[in-house]
1. Using θ = phi - 60° and the Karplus form 6.51 cos²θ - 1.76 cosθ + 1.60, what ³J(HN,Hα) does each residue of the range 168-179 get, whole Hz, x for Gly and Pro?
2. At 1.306 mPa s and 10 °C, plugging the Kirkwood radius over alpha-carbon pairs of the range 12-77 into Stokes-Einstein gives what diffusion coefficient in µm²/s?
3. For the chain, give the magnitude of the charge dipole about the Cα centre (Cβ charges: +1 Lys/Arg, -1 Asp/Glu; no others), in debye to the nearest 20.
4. Cα atoms only: what Rg and Dmax, in Å, come out for the range 86-193?
5. By counting other Cβ atoms within 10 Å of each Cβ, how are Phe121, Phe89 ranked from fewest to most?
6. Mean shadow of the chain, computed from the convex hull of its alpha carbons, in nm²?
Amino acid sequence: MKHSITGVCDMTQSIEAIAENLKSHRESRGLSLDQLSELTGVSKSMLRQIETGKSSPTIATIWKIANGLHVSFTSLLSRPVVQAEVKSFRGEKPLTDEGKHYRLFPLIPFNPQQSFETYYFEIDPGTVFHGEPHKGNVHEYLFVTGGRLRISLEGQDYEINEGEFLQFQANCPHKYSCSSEEMATVIMQISYHP
């Protein structure tokens, strides 16, 4: 039985980063929540909920905070760079479909200074995922670490076995499917070129 997936995204992994960054910016300036509320126009209770990770702020709220603190929007979303850190491929909450037949785990989020992002994904046997075309000069690199993955690009199918990888320009519709009897596991890197 084939499962067709369109993908569902949530901001769970960003909420934690926003909470940490907001608290860090506020404390480094010696601001109380009351003072931060005055600077940003965001209520003290909302700021407290954001800092404790109990609330997912709207984009408008993040802009108010960034403007009030005179920092960039992305500085509130990005995780700080660390010198060295061991992490699990499955450490973050995955982006998935309703049936959870496809699980995409963020590993390295996009950062304008590095112009790429990296994911670990798992796709169950018989599952098909339809990827949207990326705008601009974008390349995908798929490194298969287990099972077998089939990619369909403009009528051409590519089989990628464990220990192999595929590179392609991702500005056209593309379809991923698990073509092995066991789950396929893949490292996906998306690279943005000028």
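Every number here is computed from the coordinates shown, using simple stated rules; none is lab data. Quick caveat: nothing in here was measured; it's all calculated off a predicted structure. Glycine also receives a Cβ, built like all others from the backbone with ideal geometry; neighbour counts cover every protein chain displayed.
1. 8, 7, 9, 8, 10, x, 9, 10, 9, 8, 7, 10
2. Values: Rh = 11.3 Å.
For these conditions, the coefficient is 140 µm²/s.
3. Details: 18 positive and 23 negative charges, 151 e Å.
Using only the charged Cβ atoms, the result is roughly 720 debye.
4. Reported Rg and Dmax, both Å: 13.3, 40.
5. Phe89, Phe121
6. On the way: hull surface 50.5 nm².
That works out to 12.6 nm², a quarter of the Cα hull's surface.
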